[in-house]
Amino acid sequence: MARKSGLGRGLDALIPVPEEIITDDQPTGTLEVSIVDIVPNPRQPRHSINQDKLSELADSIKEHGVIQPLIVTHEKQTNHYVHIAGERRLRAAQLAGLDTVPVILREASEQESLELALIENVQRADLTPLETAEAYHHLADEFHLSHEEIAQRVGKNRVTITNTMRLLRLPESVRQALAEEKITEGHARALLGLHSPQAQAAALATIIRNELTVRQTESLIRKMNGSRTESTAKKNLSSELIDLQDRFQSKLGTRVQLKQSGSKGGGSIVIYYYSDEELNGLVGQIIGET
């Protein structure tokens, strides 16, 4: 069962408060909810929690209680409260032996539940790169949000959304290595430059065996693709063109290559993209259409 206590405002602009808990003297409110009445959010983007940090939080909760309320929505059919945000606090409270926790009750659709959980975890940097990528994928695939719309909701750059989601294209062996922190997100993104799972797996083994840095990995990928190294390719460009190429890449958020074809100043600009969504984004940036 739940009982009311005081609360300040904070998330009303994102998710409305159910009318049944609004009163004249308490426009919003917290509830003290039994932990056994809270069920997990099936769309929680986080899959794992650092146990040492969880124990530290549990010790803090034993000393000071749960200072920041959890966010939940009420499921009328079962009379349970579905957890939306604050999973670490919930698990730590269980570990600390609490019977009840303070919650903020919100009305939320499935999409809003995922968005709020994702926003909280991303802002706290609590999600792994793959967990973040999967959450973005759910928003795009199930709720038909564009990468630009996702970026606006979570406060990220569109290019960041696109590049993070590309991690899901990696073979299982690479994703597993990333999840186990054997490689970094930088390594994983570099491996996307290889176009077959077999080549990516072979490069992964070399990275782990030789403890390659991200820069060394990028050089390895270029060699495996049979292309010239970046330094060699840039030898044919003036310093002005190298600077211009770097500015193009920074602005567009993707690989750009300038090529000179003769001594009269002619040449070409090659812009690389890796998905239809990324192409649409580039078209929007360059000519203002999608």
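The numbers here are math on the coordinates, done by the rules we state, and not lab data. Note that the structure is a prediction, hence the values are computed from the model and not measured. We place every Cβ from the backbone using ideal geometry, glycine too, and count neighbours over all the protein chains shown.
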Problem set entry | Relative exposure of 166, 89, judged by other C-beta atoms within 10 Å (fewest first) | 166, 89
Problem set entry | Phi to ³J(HN,Hα) by Karplus 6.51 cos²θ - 1.76 cosθ + 1.60 over segment 76-89, Hz, x for Gly, Pro | 5, 4, 9, 6, 9, 10, 8, 5, 10, 9, x, 5, 4, 5
For this session: Kindly write out, for segment 134-143 in residue order, the coupling ³J(HN,Hα) from the Karplus curve 6.51 cos²θ - 1.76 cosθ + 1.60 (θ = phi - 60°), rounded to whole Hz, with x marking Gly and Pro.
Result: 5, 5, 4, 4, 4, 5, 6, 7, 8, 10
Exercise. Considering amide H positions built from the backbone, and no H for Pro or chain starts, which residues 5 or more places from residue 80, or on another chain, come under 5 Å of its amide H?
Worked result: 75
For this session: Pull up all non-local amide H partners of residue 267: gap of 5 or more, or a different chain, and H-to-H distance under 5 Å with H placed in the peptide plane.
Result: 261
Seminar exercise, completed: Computed ³J(HN,Hα) along segment 200-206: with the Karplus parameters 6.51/-1.76/1.60, θ = phi - 60°, integer Hz and x for glycine or proline, the list is 5, 5, 5, 5, 4, 4, 5
Exercise. Cα-Cα over 30 Å: which of 156/223; 182/223; 223/251?
Worked result: 156/223
